[in-house]
Structure formats: C-alpha cells, structure tokens
C-alpha cells in the first residue's frame, strides 16, 4: 500500500478487534519490560548496576517476536510458563553477581560472590528476550493485518498506556504482586480460549510468589528499589538500630545521632571539626536518607536544615521510625528531589552543604553508566555548591569510597571547583571526608591529613559524569558481555529471519533503529542533568519520546511531507543545533525557558528522524520484517551507548549523525512492492 493510499484511508476501515488486540499487546510489552527491569534488579543482587542489559534483552525479544509473527507457529502460549519459571527460579535460587575486576566501582558491602557478570548478564538477556517475544509476536501479527502507519500509530498508543500505567504504579509505590496481576490478566486476555487455562495456572503461581514477597514484614517498594528493613540490636540507651537494605544490599543504618558520633565512625563528626567558625544557621544535607545525618546536624546546633533525598520511601521510614525523630523537628524541611536539581533550583545560601553518603545502587534507565547521583559529583556540580555557600560557608562530603583513586579524584575536583586545596581525612577501608571552605581561612586541616596524588584521575564533568570509572578504555566486563549479546542477537536473527541477505532491503531501517536508541540515550542524559535523575523525569522523557514519535506518525499520515532527502537534511541541521548548544548552558535559565529549550533541542531531531522513518516504513513491502529489523538495530545502538565512557555524551551526537547518514545512503532507490 502506498503512503498516499494510507493517508486517505478512513480509520473505520481498520479492524477494530485487531486494533484492540494490538493496543493491549503493545501496552503489555512496555509494562512487562519495565516490570522486569525493576523486579530482576531487586532480586539478582548487583543486577541493578546493569539494568540496561535487561533493556537490550527486551529489544531482542521484541524484534524476534516480529520475525516469529511471519511463521505458522507461535511462542505466545509459552510466555506465561516462561515467566513462571523465571519468577520461581529467581526467587528460589537467589544469585549475587560478582562485579569485581571491571574498572568501575560498585557500592556494596557484600563480598564478591556468585557467577561473573559476563556469564549472568547474557543469560538474563536471553531469558528476558524469550519472555518478551510472545507479546511482541501478537503485535507483529496485528501489523500484518493493518496498514503500516495505522499499525505503528496504535502500537505507540499502546506503548504510552504501558508506560503511564507503570509510572502511576510507581507513584503509589505498588508492590510487585500488583505488577504480576496486571501482566497475568493481559496474557490470559491475549491467548485464545483453549490455551487460557494453562496461562491462568502459570500466572497464578507467579502472583502467589510475588504476593509472598510483597507481604514479608519490613518489605516495601520505592520508585527505585525493593526496600527491606530489619532491626539489628540496640544502642546503649536501648534505642533500636535499623538496617535498611535496597535490592538485597545493605544501604543504611538508621541510628541516633549519639550512636553515630560515638561508635568510631569518625566521618560523621569530621566536617564539623574542620571549620574555624560556622554558625550552622542554614544547612543543606544531600542524601539525607532516613535522617541520621540530619539528627547529627541538629545535635551540632543547626538552625535550619534542608534535607534532600531522591527516595521518598526511605524518607518515610525515617519519619516513622528514626529514634531521634529529626524529620519531626520544626527546624527541618524535607525535599524529595535529585540533589543537583535542588541545588540548581534554589536561590538559598548555606553555612554548610553536606553530601552525606549519596551513593546509589541503580542506574538511570536507558542511560549507560549514569547512576542516580552521577551529576552530583561533577566539577560543575561542586562549582554550583560553592555558589550556594555564604561567604564563611563550608562544603563537605564523605563516604566509604572503596578505592584510593576515587578519594584523589574527589579531592582534586573540590580543589578545582573552590580554587584551593581541601582538607581530606582518610580512615580505615578507604573511608574519607573531603571538607573545603569558600574562604580558605575558614578551614582548619589536620596536620596529618590525606594528600591528593599528583597523577590523580581528572574530575568527572557534566558531559562525562562517570565518577566511578577510572578510565583506560571500555572495561573488559562490558566488552565481553556486549560481544556475547551481539553474537546471541545475530544467531537469533539468522535462525528466525533466514539468510541475512533477505533483510538487505531494510538495512536503512536497521541504522535508523540504532541511531534512534543512541539519540534517546543522549536525551535521557541531558534531561537528567537539567531536571534531575528522578524516576519521574526519566518516565516523562520516555513518554515524551513516544508522544513525539506518535506526532511524527500522525503528521506523515495526514499531511504531505517533504521528500526524504529534505527530511534527512533537516535531521542533520537539528543534530548540529543540539551539538552546538550544550545542555549545561541551559542550567542558569528559569524552569520554563529551560524546559522549552530542552524540549526543542532534544525532541526536534527525534520528530524529524521519525518523519523519515514513517515515510520509509509506510512503503515497506513487509511491515513485520521492517519493524523487526529496526528494533534489532536498536540493540546495536544500545551497545554503542557504552562508547559515551570514552567520548562523552555530546560526541554521541556525532555517532548518531553517522548512523543517520548510513540510513540515508542505504535507503532503497525505489519503494518496496506493497
């Protein structure tokens, strides 16, 4: 069918039953993908550092499902059984990934155990792909029964419903059993009557396992983690010591200020000892968590404390159970926000700004190695912290930094941002405190203080916010894992799609998929910098991308758009604009203008590129193969995003431009037959 014919075809000609099935299957695909990312990251210890590999597995599963849709047989009936085996297996046989020896620091107090990551990650990749292939097959079969752009349109609407549904459940912090019930209902609805009994039985097992997990005492969910609390004895006054674990890893010990200051953990009192005179009238604590650092600041005489933490559930735990009840003190104001976003959005100045162990065990979805706190420790972030200090103000940060080179790097970053050397106190097990005053006369360093190495690693920046990456090439762990994933993907495509030469007519769509995924990664990073790494910002970016793609599809369906060469030229111009205008230039702008500028810079290339994709997709001879190849290209784009470790995020736009150029060069000279 030609693009012109589809443009004028009334919507009522489409089979409404097929459309409903397509929307349900598309919503299920996105919902299940997000649920697997969250659940597997919470159950397989340390997998939350590698959730992008779950995302890549989803892409392979969706692409494979589209190729299977061309076959006389189906994998959909196996999906509930596979999901049951996955949930029961992971719950019964917990795995802890050995994440050592990768050249990247991972914050965990658990000893390295379990199979290495380059073994577990490809296995997770394959299992996730197998589970997602079933719903994707349904979408692929619906594509065959509808005009290409009509099918793509309803696929996007279903995907938006999936994202919105999961976002709403994250907002209300629904437990995993709710996810299981919704996924089970959708799978049973998609299967034909004769197969529903097996599906219902399999999903009943899944729901029971998730119900047991969700009702364990002390277990709750935040938008980022599965959180477990348990009491570990009491202090000398009989007050409880509560350990807070996230995704199976010890994260915080909630205890009174007195206990924290007297148990030998010198980092908690050191920042207050390194200042000459500090009134502490106004204190900002980033990484306030369950409130222990806030309680310490109050015990030191703080007049007002802004307590910032990204996780609302951990703050709630502190409000409910902290022995000192710091969040009930009228001197304390809590803010559920990203620390960097709070700094950029406030005009208040402080006597003390404290980064109190703000480390995370999770990545920002779809953004390579960006962790929730990555933009908090860049050179630009510490410069912003200096700007928010009073003239006699002091900045401090402390943590268990795991490696001496990280202490050196942070000390060097503070020195560059403040213009003079900080005080650094190092304790056992690479525990350290970095304290630096706005005026060097207001800091008093210990005589035997830690000296920063001259050959230290350069500070991380907003363009390269990889604080825990030492450099020296892409870590071997990632190289081995990505090679394994690419090999698995190639074998899968060859087995399901036949000789690769048959897909040559859609080579341009392959590169369009790779470019789109890479561009989306760059946009996630930019919005994380401009508006914070919160779950809501991340969800809005992904939802916004789908809305923009849907707008491109509707534009192509309803209006006569320019020829492809003109569209590709516009894509190149929009990429050039995004390359020239750096995201950090927008940070000083008020929220409204900053949002408008960010949306134009990020989404204009997405809109134009999807005009090109829609025009090309509308005249594809086989919409199933075309869309499947496009999704498989996204896997390559997902692998290429790790190149940001070497190039930075800005230069990823150059790679995106090359991929779009290849797509333009490889586009067919004539339309494929309808």
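Looking at the stretch 303-401, the helices (runs of 4 or more DSSP H) lying wholly inside it that each contain 2 or more residues that are within 22 Å of residue 259 (Cα to Cα) sit at 312-321. You will find that of 490, 477, the residue that is within 20 Å of the chain's Cα centre (by Cα) and farther than 22 Å from residue 160 by Cα is 477 and no other.
Number of residues in the stretch 318-340 that are surrounded by 23 or more Cβ atoms within 10 Å (Cβ to Cβ) and either touching a helix residue (DSSP H, G or I) at 6+ places or on another chain (Cβ under 7 Å) or under 17 Å from residue 255 (Cα atoms) (or both): the value is 6. The residues of the stretch 205-218 that are within 16 Å of residue 178 (Cβ to Cβ), buried (at least 16 other Cβ atoms within 10 Å of the Cβ) and either in contact (Cβ under 8 Å) with a residue 40 or more places away in the chain or out of contact with any helix residue (DSSP H, G or I) (no Cβ under 7 Å at 6 or more places or on another chain) (or both), listed by number, are 206, 209, 210, 213.
Reported count of residues in the stretch 11-56, each being closer than 27 Å to residue 192 by Cβ and in contact (Cβ under 8 Å) with a residue 12 or more places away in the chain, is 21. Whether any residue in the stretch 418-438 is surrounded by fewer than 23 Cβ atoms within 10 Å (Cβ to Cβ), more than 22 Å from the chain's Cα centre (by Cα) and under 30 Å from residue 524 (Cα atoms) is what I want to check. Yes, some residue in the stretch 418-438 is surrounded by fewer than 23 Cβ atoms within 10 Å (Cβ to Cβ), more than 22 Å from the chain's Cα centre (by Cα) and under 30 Å from residue 524 (Cα atoms). Of 146, 195, 187, all but one fail to be touching a residue at least 12 places away in the same chain (Cβ under 8 Å), over 26 Å from the mean Cα position of the chain (by Cα) and assigned to a loop (DSSP other than H, G, I, E, B); the exception is 146. No other residue among 591, 607, 617, 627 is in the same structural domain as residue 489 (by TED's automatic domain parsing), over 28 Å from residue 53 (Cα atoms) and out of contact with any strand residue (DSSP E or B) (no Cβ under 9 Å at 6 or more places or on another chain) apart from 591. Taking the criterion of being buried (at least 24 other Cβ atoms within 10 Å of the Cβ) and out of contact with any strand residue (DSSP E or B) (no Cβ under 8 Å at 6 or more places or on another chain), would at least one residue in the stretch 283-304 satisfy it? Yes: one or more hits.
Is one or more of the residues making up the stretch 631-653 over 22 Å from the mean Cα position of the chain (by Cα), assigned by TED's automatic domain parsing to the domain that holds residue 567 and either part of a helix (DSSP H, G or I) or within 30 Å of residue 344 (Cβ to Cβ) (or both)?
Scanning the stretch 631-653, I find no residue that is over 22 Å from the mean Cα position of the chain (by Cα), assigned by TED's automatic domain parsing to the domain that holds residue 567 and either part of a helix (DSSP H, G or I) or within 30 Å of residue 344 (Cβ to Cβ) (or both), so the answer is no.
Of the residues 570, 602, the single one that is surrounded by 12 or more Cβ atoms within 10 Å (Cβ to Cβ), under 18 Å from residue 650 (Cα atoms) and in the same structural domain as residue 658 (by TED's automatic domain parsing) is 602. Just one of the numbered conditions (1) part of a loop (DSSP other than H, G, I, E, B); (2) out of contact with any helix residue (DSSP H, G or I) (no Cβ under 7 Å at 6 or more places or on another chain); (3) at pLDDT below 90; (4) under 20 Å from residue 173 (Cα atoms) is not true of residue 251: (1).
Filtered by the rule that a residue be assigned to a helix (DSSP H, G or I) and more than 29 Å from the chain's Cα centre (by Cα), the stretch 555-602 gives 555, 556, 557, 558, 564, 565, 566, 567, 568, 569, 570. Does residue 222 fit the bill of being under 19 Å from residue 536 (Cβ atoms), modelled with pLDDT under 95, crowded, with 17+ Cβ neighbours inside 10 Å and not assigned by TED's automatic domain parsing to the domain that holds residue 537? For residue 222, the condition - under 19 Å from residue 536 (Cβ atoms), modelled with pLDDT under 95, crowded, with 17+ Cβ neighbours inside 10 Å and not assigned by TED's automatic domain parsing to the domain that holds residue 537 - is met. Give the number of residues within the stretch 337-359 that are more than 21 Å from residue 393 (Cα to Cα) and at pLDDT 95 or above. Qualifying residue count for the region: 0. Every condition in (1) farther than 29 Å from residue 348 by Cβ; (2) assigned by TED's automatic domain parsing to the domain that holds residue 313; (3) modelled with pLDDT of 85 or more holds for residue 229 except the one numbered (2). Going by what's in this entry, would residue 394 be described as in contact with a helix residue (DSSP H, G or I) (Cβ under 6 Å, 6 or more places away or on another chain), modelled with pLDDT of 85 or more, assigned by TED's automatic domain parsing to the domain that holds residue 269 and buried (at least 18 other Cβ atoms within 10 Å of the Cβ)? Considered against the rule, which asks whether it is in contact with a helix residue (DSSP H, G or I) (Cβ under 6 Å, 6 or more places away or on another chain), modelled with pLDDT of 85 or more, assigned by TED's automatic domain parsing to the domain that holds residue 269 and buried (at least 18 other Cβ atoms within 10 Å of the Cβ), residue 394 comes out as no.
For every residue, the table says whether it meets (1) farther than 19 Å from residue 311 by Cα; (2) in the same structural domain as residue 605 (by TED's automatic domain parsing); (3) surrounded by fewer than 24 Cβ atoms within 10 Å (Cβ to Cβ).
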| residue | (1), (2), (3) |
| --- | --- |
| 497 | yes, yes, yes |
| 505 | yes, yes, yes |
| 514 | yes, yes, no |
| 525 | yes, yes, no |
| 528 | no, yes, no |
| 537 | no, yes, yes |
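The values are calculated or read from the model by the stated rules, or taken from the named source; none is laboratory data. Computed from a predicted structure; not experimentally measured. Reconstructed Cβ throughout: ideal geometry from the backbone, glycine too, with neighbour counts over all protein chains shown.
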